[in-house]
Every structure is written in C-alpha cells, then in structure tokens.
Amino acid sequence: MQEYITELSKYGITICMMLYTVCCFVSLWRKNEKVHALYVLQSILLFLMQLILFLNLALVSGNMKYVFFYVFVQVFLLACLVMVPIIYEEVNRPLLNIMCMLIGIGLCIISRLSFNKAVRQYIIVLMSLTISLFIPYLLSRIKFLKKLTWIYGLVGVVVLGVVLFVGEYTHGSKITFTIKDITFQPSEFVKILLIFFLAAALWEKTSFLRVAETAVIAGMEVIILVASKDLGSALIFFAAYVFVVFIATRNYFYLLLGAAGGCVASYAAFRLFEHVQTRVYAWRDPWAYIDNKGWAVTQSLFAIGSGSWFGMGLLKGNPKAIPYVDQDFVFSSVCEELGVLFGICLILVIVSCFFMIMKIAIQIHDRFYQLIVYGIGIMYVFQIFLTVGGGINLIPLTGVTLPFISYGGSSCMTTMIMFFIIQGIYIRLQKGGGKYVGRKKAENKANGQQT
Amino acid sequence: MEERKQKTRRMDSKPEIIISGCFFLIIFALLIGYLVYFVSTSEQDMINNSYNSRQEILLSQNYRGSIFSRDGDVLAETQMDAGQNETRIYPYKNLFSHIVGYSTQGRMGVEALANYYLINTNTSLNNKVVNDMAGVKNPGDNVYTTLDVEIQQVADEQLSIYKGAVIVTEVKTGKVLALVSHPDFDPNEINDIWDSLINNDSSSVLVNRATQGLYPPGSTFKIITALEYIRENPNTYNNYVFGCPGYFRFEDSKINCYHGSSHGQVNFEKSFAKSCNSSFANIGMGLDRTAFADTLDDLLFNRKLPLTLTYAKSSVQVSEDISDDEMMQTSIGQGKTQITPIHLNMITCAIANKGLLMKPYVIDRVENDAGNVVKAFKPSGYGKLMEESEAEILKSLMISVVESGTASKLKGLSYTAAGKTGSAEYNNVKGDSHAWFTGFAPAEDPEVCVTIIVEGAGSGGDYAVPIARRIFDAYFREK
C-alpha cells in the first residue's frame, strides 16, 4: 500500500507544484492583483500539496508526530492566508500566497531532516508573522523614515563591527551572537538597514558626491562581512548597493563601475584570503578535492543527480549526507527527494515573486519607497541565485540560506519583515498614498511627497 | 529650471527596473538550463560514484540484476540463499574476467559500466508492492551485452598461456564481440584473491591489457606512416621505389629490417606487405612532420578515445623539434610511441568502414525482470578518421599483406582477410618482441575486426596471425 502511495505521490506533488507555478505567472500578467478565483486555486494546490507531503512523511516513517505537526502547519497557513487579508484588505495576494507556499515547503523539508529543528522553526515563523503584521501599519504612521539616513548606515556598520569583534564562529565564519540560548545572525537584519540607508540617501540627491558617500558606508559593511568570512552576505550587500545606485541615478556608468569594481574586488579577495581560494578551487574541480574542500559540493551534486526528475521520494533519499543541508543546501535536498522538476518549479515560483516585486516597484512613484521595494527584490533574488547556483556548482559556494525554506530564525524573520515592508508599501500604493497622480491627492499633500 | 528638469528625468525608472528584471531572468534561465543539463547528463555518474552513499540505499532495496551475452547466456547473476544472502556468480569463471569484471572490490568492466542499471529496478509497481509485503528485495534490471561466448572462448584458448590481449569488434556497429586479457582471474573468488592480486603487482592481473595496456605498436604503425605518405603524395605514391640492403642509415642513425633480412628492390605496396623497416624509415624521413602530427591527431593519438570502458591514452611524439633518429624510429612504430590494443582496433575498424569510426560499445540493452526493454543502445558513429579514398588504399595494402606478405597464414581461406602484422621490439636484446596483428574480414565487405597482441612471443606473422585465423574461422562458422 505504502509503495503505491509514495510512487503516485511523487507525480502528484510535481503536478501540484507545476500548476502552482503556472498560477504564479498568470497572476503576474493580470493588470491588478484582484483575481480571486486564481488565489482560491493557488490555495487549494497549496493545501493539497501539504496534505500529500505530510501523508508521505507519516506513512513512510510510521510516526504520528508528523500528523500533529501537519495540523499545526495547516493552522498557521490557513490563519496567515485568511487573517492577513482581513487585517489589510489591500494586501498583495500573489506575494502572500508565495510566502505561505515557501514556508509550507520549508517546514515540511526541515521536519524531514530534523523534527526538533522544525518545531523551533515553526515557533520562529509564528513570531516573525506576529512582528511582521505590525509593519504595514507602522509604515503608514511613521513619517520620519526618510530622515534617518545616517542612522541606518551607522547602526549597520556598528552592528556588523561588533559581531566581527565579539561574535561567535558558526561553520568557520564569525557571524553570530547568542543571547539566552537564541542565536542571531545580525547580518541578516542589517540587510534591511542597508536598503533603508540607500533609499533614504539617494531618493532625492543622486550627485556623484552623494553616491560616493553611500559607497563609504556600504563599502565598510561589505569589508567587515568579508573579514568575518561571510562571503555570501558580502556579495548580497554589494549587489544590492550597485543595483540600487543604478536605479536611483539611472546611470549605466555606475552599473559598469560596479561590475568592474566587483571583478577587481573578487580577484583581490581570491588572492588575499585562503577561505576564498578554497571555495574557488572546490568550484573549479570539486571531484579532485572530493575528500576535503569539494566534499560539500560533491555531496550536494550526488543528491541532485540521484534525485533526478521526480525525486527519490520523501525519506527515501539520504540528504543528511550533505553537510549543513538544512541551511546552505536545502535546495539540493528538495531536488533529491521531491525531484529536480519540483526544484525548477520552486525557482520559477521565486522568479515570479521577484517579478511581482519589480512590478510593484514600477507602479510606485515615491522614490524612497520605490528604492526600498526594488532593493529588497534584488537582495532576495540574488540570494536565491547564490544558494541555488552554489548547490549545483554553477558558481562557487557562498553559504547563504534559501529564505523561508532553510532552517534559520534570522533569515526567516528578516525575509518575512522584508516581504511585509513590500506589502506595506503596496497597501499605501493601493490607497493612493504613494502614487504620483493618485486619486487621493489630499493624502499626498499631507504626506508631503512629490513635487 | 535645471533642477526641475533633472527631477522629472529621475521620476520614472521604469526602463531601468525592466532591464534589471530581464538581467535576472537571463541569469535564472542559465541557472535552470545548467541544472537541466547537469541532471540529464550526469545522473548515472552521480549514482555510480563510490562516494555517493545512495548506492547503498538502492542496494538495500534491490538486488543486482544479471549480465547476459548477446545470445542470452548468463555471464553474471546474483543468487539468493534461504536467508536472503546474496552471492554474485560468474558461470564462465575466468573467461570474462576483465570485460564483465567484478562488483565487490570496487567495480570493473560491465559491472562498473552498467552499475546504475543493475542496481536500479524497473519491475512493475505490483511486484514492488508484493515484494515489499514479503520483505524481499526487488530484482535489479538485467543487462544484455554484445559479447559472444563462442568467439570469446576461441580467443581465450588461442591466447593460451601467453600474456596479451585480443579484441574482436563488429566493423559496421562498433559492437565488442570478444575482449580477452591475459593473465586473468576468477571473479567468483575475487574477495579471497584480492589481497594477493593487489600485492603481487608485477604481473598486473587486474589491468585490462586490451584497453589499458600500452605497447609499442611496432610495424602495425606503418599503416599510419603509409597513410601520411599517401596524403602527401596522393598521385605519385605508387611510383615509390627503394632498394633495401637490410638496413637504412641516416647520418649516425641506423635502422635494421626484422632479423636483418634484405628485401631488395621494393615499391610502396611491397614495402608494406613485407613490412620493410628500412623502406619505411626512408619514407618517414621524407614526411612533413607538422602534417604528420595533424594526421596523428586525426587518429586520436594523445587524445581521449570515444570509449566508456576505462582505458589508457596512446601517446606519440612527432613535431618539428624531434631528432632524425626519433623520426626514423617513430615511422616504424618503435621509439617512444605507445598504443593500446583497443585504439589500434578502432583505427583498423575505421579503415574497414570507409574511414568512419563507430564507437565501440559493450552494453546492448537493459531489460526489466519481465523482459521489457528499459533502454536500448544504438550504434553511433564517432566521425571520419580519414577519407574514404584513403581507407580504400590502406585496405588494398592490407590485402597485399595477406596475399603476398607477412600474414600469408591467412591466405587461401573461404574468406579473404586483410591486415597488418607487427613485431614490436621492447628491449634491445634481439628477438624479444611482442607479436601484433590487426585486421578484418571479409576484405570485400568487412564485417569483423580483430586485434591481437601476444607479449614476448616473437614475430606477429608467426604468433598473432594464427590466432586471428582461428577467430575469423569461428566467426564465419557461427554465421
């Protein structure tokens, strides 16, 4: 009996995910985000997939704890999908749906890898949502966000600097802090500060001098991150900086300068730091270093190769052979047990999410908020590229998480806050607050924006 | 005014946002493309890698499938005792030791090549459920090879106690019909004899000499020197004449004919048929070394072979920089040149097949336990190693070797054979030479290609050609 279910559910899961992906792209094409039938279909697919995934886990393991966990997860997802639109009527449904989808897949995969971690992750997700729910409200109330430019910048530098000096080592990088048993990775939260700093600094003035000033702050943050051996975050900060400056100035010269600077800096880092060299050598020929440097990557490639198109089935593979699988290589474990087709759909869902964010950014005519939405979108999609590209050895490993799916409180909370910042700005936009030519001009004037 | 203008310009970043969106679209298209490429090309390699712990997962669910000859004889199978303990049985013992290989001390041969198929199962879902209920493993898929038991037996008997290798392939398909390497071993006892095989390195029993053995090609290399001469003198090669006194001298270097015999006045064909070293050293000295290096490149020297079996790379050094002495030695297949028997077999097959090389292969198809084909392998061409006209000329030269030259033991049979012998000297003491033969039959429409090396036996004409004859006989008798 169990054999039938696991074999058939492989295909069921993949089909659900493919249909879901199609829904995501259809929602992108629509003029507005108010196509209810589509969201109902998306939700049905989400819950159907959750049912199949957890049914599989429970049947194959024969352990009832998965059934309990399933109920908890469904309650959360249902609450999130129902509650948020009630609190904020104008919420962007596609973004909310995708967030729930990713969280659902993440909790399922983590519970397969380590049940205890999944329970912790569940609590973190709950906490994150609780905090995030206030964000759209706060955004509409707080008026001085644009004025805190240098505070964002300095706090960011100081926090990263403090971690560099007094932080703890995690997997060889000095990037974490522990307070009462809870480990934080502050660089995650500083991401938000960087975006706010750039948006505040560049929304009005984009002179060369102003860009140079921001370069000092952003550069310091990147250098501190490289020194802490947090290469992934350093790259994400750098990419976000270059792209936000590009949009703010509308000057392709900065994009070229950024690309050139990035190449020079990467080469310098390669020559100067041994841990960078290790990653590059392991990337160029992981098989030659299979016993040491290349171990993690080759194990990840084994997982993806063994999983093939439809996967080995939940609990049928051996994803724990990959080091740090629940954080840096969660995509590989998804491919191994749920299949590469599922993995590709997952990437496409995330890409559609990125496009949705870009679509929102285009609609906003308040520069400050536009830069924030755009910056968050770039950070998010670039991080996905780093973690997936590293896992399949397209690029050297950087050791960053797959937001919402990987285990990790800081990553999950930061990404959720980012998503709700976008939601907040979107809600403003729907109410006419951020539009250059809005219906509610009075509110525009009250907020003191635009010409 | 200026400021307002700038502000309106800044207002709308739509094109820039769209451009960054497109940029990431391309990046992710590349990412997904690479992922698809990786999975579709590397799945088997990934599962076969011994560092991949997932093999054990498959082996705990399925037992290893069987390996069959092309006529359906069992070459390897897994037998189960009452306690579900598995034993790998090789009914032909030593006969297929290198080509079928073993699977318990690492893997070799077909056991290694087809490992992915053997440990995967495509049995029906119903069977899986029944087996699951009964608590027994699923049968792995079965692999049908291109190997022919009868020809393999003849080759093995004929090679007898000598060290060496025999390869028999189908010219038009690249199917490997037989592959023998001596000394051999009994894969049934591999676990017991493993330590002594590893420690007693001098006889290199575990080396598959047919694909990994590197030998001086000796006179068989004259096929290649002749090809280069024809390429450089397409209209006049037949006018070539040389008076052979039994040796050839160039400045301080001297080349002797085999056993110092003098061949007298020889033309191009006779030089080849009689395998006259002096004449070929003379031809070699007149060749354009850069063009020769290109020809060697065409023939896959110093390069990867289109071969899935584990093999060694043949090596040869020809360039403007080498000395005249080296050039003379190289032209007659001595010097630093080294070749594997399988490589020589591939070149011979290309000559027989109008210049087109078919990729050699051993796995014909994979079937599930019910006999349904899971995957079938088709013959595939690698490409032209030489022009058809060049192949035809070489073929006629190889016919003359049988008709009036060193392979006359193949003359006057029910089929017409063609080939080239070689006696590769491997040290300076006279008489110590490996016996080579590479050739095909029937010459009119070649079907089967045989390459033989007998280590330390003597001349190719005396020791390798008779083996080829028995193998050709067996092939045509079976037809």
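Computed from the coordinates by the stated procedures, all read-outs in this text should not be read as laboratory data. Predicted model, so just to flag it, every value in this text is computed and none were measured. When we count neighbours, we look across all protein chains shown, and the Cβ atoms used for this are built from the backbone with ideal geometry, even at glycine.
Shape call for segment B:26-172 from the C-alpha gyration tensor, a ≥ b ≥ c root eigenvalues: rounded (a/c under 1.5), prolate (a/b greater than b/c) or oblate? Judged from the Cα gyration tensor, segment B:26-172 comes out oblate (a/c at least 1.5, b/c at or above a/b).
Compared with the dominant principal axis of the Cα atoms in chain B, helix B:149-159 is inclined by about 40°.
Overall size of segment B:319-366 from C-alpha positions, given as principal axis extents largest first: 51, 22, 17 Å. Ordering B:Ile255, B:Val100, B:Ser40 by the projection of their Cα atoms onto the charge dipole of chain B, which places +1 on the Cβ of Lys and Arg and -1 on the Cβ of Asp and Glu, puts B:Ser40 at the extreme positive end. Any idea what angle helix B:465-478 forms with the longest principal axis of chain B, computed on alpha-carbon atoms, 0 to 90 degrees, nearest 10? Approximately 60 degrees, to the nearest 10.
Counting only Cβ charges, +1 for Lys and Arg and -1 for Asp and Glu, the dipole size of the protein assembly as shown around its Cα centre is about 5380 debye.
Summarising the amide proton neighbourhood of B:Tyr382: residues at separation of 5 or more, or on other chains, whose placed amide H is nearer than 5 Å comprise B:Leu357, B:Met358, B:Lys359. Since only A:Ser187, A:Val157, A:Tyr254 are under comparison, the one whose Cα sits farthest along the positive direction of the charge dipole of segment A:148-272, derived from C-beta charges on Lys, Arg, Asp and Glu, is A:Tyr254. For B:Lys163, a cut-off of 18 angstrom between C-alpha atoms picks up these aspartates and glutamates, skipping any fewer than 8 places away in its own chain: B:Asp184, B:Asp186, B:Asp201, B:Glu425, B:Asp432, B:Glu455, B:Asp462. Other protein chain C-beta atoms within 10 Å of residue C-beta, averaged over B:22-30: 4. With only the Cα atoms considered, chain A has a convex hull volume of 140 Å³ per residue. For the listed residue pairs B:Lys93/B:Lys375; B:Lys172/B:Lys384; A:Lys146/A:Lys359, the alpha carbons are over 21 angstrom apart in B:Lys93/B:Lys375; A:Lys146/A:Lys359.
Counting every C-alpha pair in chain B, the share spaced more than 45 angstrom apart comes to 25%.
Here, P(r) means the percent of Cα pairs in each 20 Å bin from 0 to the largest distance; for the protein assembly as shown it is 13, 33, 26, 21, 7, 0.
Relative contact order for chain B: 15 percent, from Cα pairs under 8 Å spaced at least 6 residues apart, divided by residue count.
Compared with the dominant principal axis of the Cα atoms in chain B, helix B:190-199 is inclined by about 60°.
With neighbours defined as other Cβ atoms within 10 Å of a residue's Cβ, the residues A:Phe253, A:Phe342 order from fewest to most as A:Phe253, A:Phe342. Report summary: the helix-based calculation at 222 nm, which adds -39500 (n - 2.57) for every DSSP H run with n ≥ 4 and divides by the residues of chain A, gives -25000 deg cm²/dmol.
Normalised Debye scattering of segment B:367-479 at q = 0.18 Å⁻¹ gives log10 I(q)/I(0) of -0.91, counting only Cα atoms as equal scatterers and leaving out solvent.
A cut-off of 5 Å between modelled amide H atoms, ignoring neighbours fewer than 5 places along the same chain, links B:Val448 with B:Val171, B:Ala441. Once backbone amide H atoms are built at 1.01 Å from N, B:Arg303 has B:Ser314 as its partners under 5 Å, excluding neighbours fewer than 5 places away on the same chain. Measure up B:Lys420/B:Lys479; B:Lys137/B:Lys175; B:Lys175/B:Lys354; B:Lys378/B:Lys420; B:Lys222/B:Lys354; A:Lys293/B:Lys313 against 21 Å on the Cα-Cα distance and list the ones that go over. Result: B:Lys420/B:Lys479; B:Lys137/B:Lys175; B:Lys378/B:Lys420; A:Lys293/B:Lys313 exceed 21 Å. If you take each beta carbon of peptide B:180-193 and count the beta carbons of other chains within 10 angstrom, what is the mean? Partner-chain Cβ atoms within 10 Å, mean over residues of B:180-193: 0.
Entry note, chain A: relative contact order of 21 percent, from Cα contacts under 8 Å with a spacing of 6+ residues.
This ranking places A:Thr278, B:Thr348 by how few other beta-carbon atoms lie within 10 Å of each, fewest first, which gives A:Thr278, B:Thr348. An ellipsoid equivalent to segment A:57-116, defined through the eigenvalues of its Cα gyration tensor, has semi-axes of 27, 11, 7 Å when rounded to whole angstrom and sorted largest first.
As a proxy for reagent exposure, B:Tyr247, A:Tyr267, A:Tyr369, A:Tyr324 were ordered by neighbouring Cβ count within 10 angstrom, fewest first; the result is A:Tyr267, B:Tyr247, A:Tyr324, A:Tyr369. Considered as an equivalent ellipsoid built on the Cα gyration tensor, segment A:75-203 has semi-axes of 28, 25, 11 Å, the largest given first. Here is the size of segment B:176-218 from its Cα atoms: Rg then Dmax, 12.1, 38 Å. In summary, the aspartates and glutamates within cross-link reach of B:Lys304, defined as a Cα separation below 16 angstrom excluding same-chain residues under 8 places away, comprise B:Asp294.
Our Cα-only numbers for segment B:38-93 put the radius of gyration and Dmax at 14.4, 42 Å.
Computed 3J(HN,Hα) for segment B:389-402, one whole-Hz value per residue from the Karplus formula 6.51 cos²θ - 1.76 cosθ + 1.60 where θ = phi - 60°, is 5, 5, 4, 5, 5, 4, 4, 5, 4, 5, 5, 5, 4, 6, glycine and proline marked x.
Across peptide A:388-394, the mean count of Cβ atoms from other chains lying within 10 Å of each residue's own Cβ comes to 4. Using a/c under 1.5 as the rounded threshold, could you call segment A:148-272 rounded, prolate or oblate? The axes a ≥ b ≥ c are square roots of the C-alpha gyration tensor eigenvalues, and prolate needs a/b larger than b/c, oblate otherwise. Oblate is the answer for segment A:148-272, as a/c is 1.5 or above yet b/c matches or exceeds a/b.
Packing, as the average of other Cβ atoms within 10 Å across residues, places the peptides B:251-260, B:162-171 in the order B:162-171, B:251-260, highest first.
Its relative contact order, with pairs defined as Cα atoms under 8 Å and 6+ residues apart, puts segment A:148-272 at 24 percent.
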